[in-house]
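What follows is a short report on a single structure.
The values are calculated or read from the model by the stated rules, or taken from the named source; none is laboratory data. Predicted model, so just to flag it, every value in this text is computed and none were measured. Cβ placement follows ideal geometry from the backbone for every residue including glycine, while neighbour counts extend to all protein chains displayed. Accessible surface is based on the protein model in full, side chains and every heavy atom, while ligands, DNA and RNA are left aside. Shrake-Rupley method; radii C 1.70, N 1.55, O 1.52, S 1.80 Å.
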Amino acid sequence: MLKIGMLTSGGDCQSLNASMRGVAKAIYDAVDDVEIIGIEEGYKGLIYGNYRKLKPRDFSGILIEGGTILGTSRQPFKLMRVPDENGLDKVQAMKDNYKKMGLDCLVILGGNGTHKTANLLSEEGLNIVTLPKTIDNDLWGTDMTFGFQSAVDIAANVIDNIHTTAASHSRVFIVEVMGHKVGWLTLHAGIASGADIILLPEIPYDIDSVCAALDKRAKQGKRFSILAVAEGAVSKEDAALSKKELKEKQKNPRYPSISYEIGAQIQEKTGLEVRVTIPGHMQRGGSPCPYDRVLSSRLGAAAAQLIIKKKYGRMVGIRNNEIISVPLADVAGKLKTVDPESSIIKEAKALGINFGD
């Protein structure tokens, strides 16, 4: 019998269920005697032995269902080697439970932190295959992560809906999009919905440049302006600070988020009326879009093939629309950021989008 464990770790997103379904359907179709064990609440379940046997019917009807049927949790990689409050060795506990379940392979779906731990377990001798999940699209080794396009659709729809109210009241609207360290989601949603200004973590902004762009639009007779701002956007002044200085500054924030700070500065410098909208976790929720359903199905089928061929220690991904796999050691700890000199940024600037630089 082939015994496969499966877990989802880190922040939730659309298409986790679709990806698990892809793995399961391909395995059930190719292998006569197989058992899939669902590990609940991510690595937490693997550490403390919370799991259950899954049947083929558990994967039925979940292609269009958001969230994760297994539940998830955040277990910071930096704490994996630190014993819990009862002195439990987490890494050893995960290895012990893997053996207790009699697994031939463990399938892990997650983002950057998840892949660091997945690589650690692989180095500890466990058979690991992973799938790339994150709305941030910041995993190295794949052109696209599942969940990203669904989140783009939601964020873009929010900005789309802001257009009419912004025009009606001649206001400046700031829509804050998820993305602490990278700006892929903000960039794509901003371009897709016609944002006038896009602020990303990778391109520190000058508030005077932002205000000048708004003033230029006003002089051109434009009744409103829309900014798509990544939650991790940073000013040039803050970008020049050391990590220690920036951490100290952020201890007692004056504003709820960066968007409110930018909004206050715009109002002070230009006198324009500003409103802030934060869709927040809406961007993670709901059904996966058709693109993500197709991508997840393809990735799941490819992961099943890796398991059947016993090619472990790898992540499945997509490159130039072809499904590929890459070593976990090459993925773990690497962040795929937006290159300020990339063609998509240049093309966006050619459209008249201002990046605050």
So Gln265 clears everything in (1) under 24 Å from the mean Cα position of the chain (by Cα); (2) farther than 19 Å from Thr145 by Cβ except one condition, right? Which one? (1)
Where a residue in segment 298-327 is more than 22 Å from Asp29 (Cα to Cα) and its partner, wherever it lies, is open to solvent by 80 Å² or more (accessible area, probe 1.4 Å) and outside any strand (DSSP E or B), with Cβ under 8 Å and at least six apart: Ile318/Arg298
Would you point out which residue out of Leu121, Leu131 is modelled with pLDDT of 95 or more, out of contact with any His (no Cβ under 8 Å at 6 or more places or on another chain) and not in a strand (DSSP E or B)? Leu121
Counted residues in segment 340-357 being part of a loop (DSSP other than H, G, I, E, B) and more than 21 Å from the chain's Cα centre (by Cα) come to 7
If I go through segment 168-182 residue by residue, how many of them are of a type outside the set (Phe, Trp, Tyr), in contact (Cβ under 8 Å) with a residue 60 or more places away in the chain and either part of a strand (DSSP E or B) or more than 17 Å from Val276 (Cα to Cα) (or both)? 7
Would you be able to say whether some residue in segment 189-205 is over 30 Å from Thr68 (Cα atoms), more than 26 Å from the chain's Cα centre (by Cα) and surrounded by 18 or more Cβ atoms within 10 Å (Cβ to Cβ)? no
Among the residues of segment 305-339 satisfying the criterion of being farther than 26 Å from Leu200 by Cβ, part of a loop (DSSP other than H, G, I, E, B) and not hydroxyl-bearing (Ser, Thr, Tyr), which is most open to solvent (accessible area, probe 1.4 Å)? Lys310
Out of Ala192, Ala233, I need the residue that is small (Gly, Ala, Ser), at pLDDT 95 or above and within 21 Å of Arg171 (Cα to Cα). Which one? Ala192
Return yes when Ala167 is aliphatic (A, V, I, L, M), open to solvent by 20 Å² or more (accessible area, probe 1.4 Å) and at pLDDT below 95 and no when it is not. yes
Counted residues, segment 266-287 - those being part of a helix (DSSP H, G or I) and open to solvent by less than 50 Å² (accessible area, probe 1.4 Å): 4
Helices (runs of 4 or more DSSP H) fully within segment 183-265 counting 3 or more residues that are within 22 Å of Thr164 (Cα to Cα): 184-192, 207-219
Filter segment 288-304 down to the residues that are open to solvent by less than 50 Å² (accessible area, probe 1.4 Å), under 30 Å from Ile162 (Cβ atoms) and assigned to a helix (DSSP H, G or I) and list them by number. Asp292, Leu295, Ser296
Has segment 82-105 got at least one residue that is of a type outside the set (Val, Ile, Thr), on the phi > 0 side of the Ramachandran plot, open to solvent by 30 Å² or more (accessible area, probe 1.4 Å) and at pLDDT below 95? yes
Could you name every one of the strands (runs of 3 or more DSSP E) located completely within segment 1-106 that has at least 3 residues being more than 26 Å from Asn137 (Cβ to Cβ) and of a type in the set (A, V, I, L, M, F, W, C)? 34-39
Flag if Thr142 is open to solvent by less than 10 Å² (accessible area, probe 1.4 Å), under 19 Å from Gly10 (Cβ atoms) and within 19 Å of the chain's Cα centre (by Cα): yes
Exactly one of (1) farther than 23 Å from Leu295 by Cβ; (2) open to solvent by 20 Å² or more (accessible area, probe 1.4 Å); (3) part of a helix (DSSP H, G or I) is unmet by Gly113. Its number? (1)
Residue pairs qualifying under the 7 Å Cβ cut-off, at least six apart or on distinct chains, with the first in segment 66-95 being of a type in the set (Val, Ile, Thr) and the second being outside any helix (DSSP H, G or I) and open to solvent by 30 Å² or more (accessible area, probe 1.4 Å), are Thr68/Asp12; Thr72/Asp12; Thr72/Glu41; Val91/Arg81; Val91/Glu124
Only one residue in Lys25, Lys78 is surrounded by fewer than 19 Cβ atoms within 10 Å (Cβ to Cβ), touching a Phe, Trp or Tyr at 6+ places or on another chain (Cβ under 7 Å) and either over 20 Å from Gln305 (Cβ atoms) or basic (Lys, Arg) (or both), so which one is that? Lys25
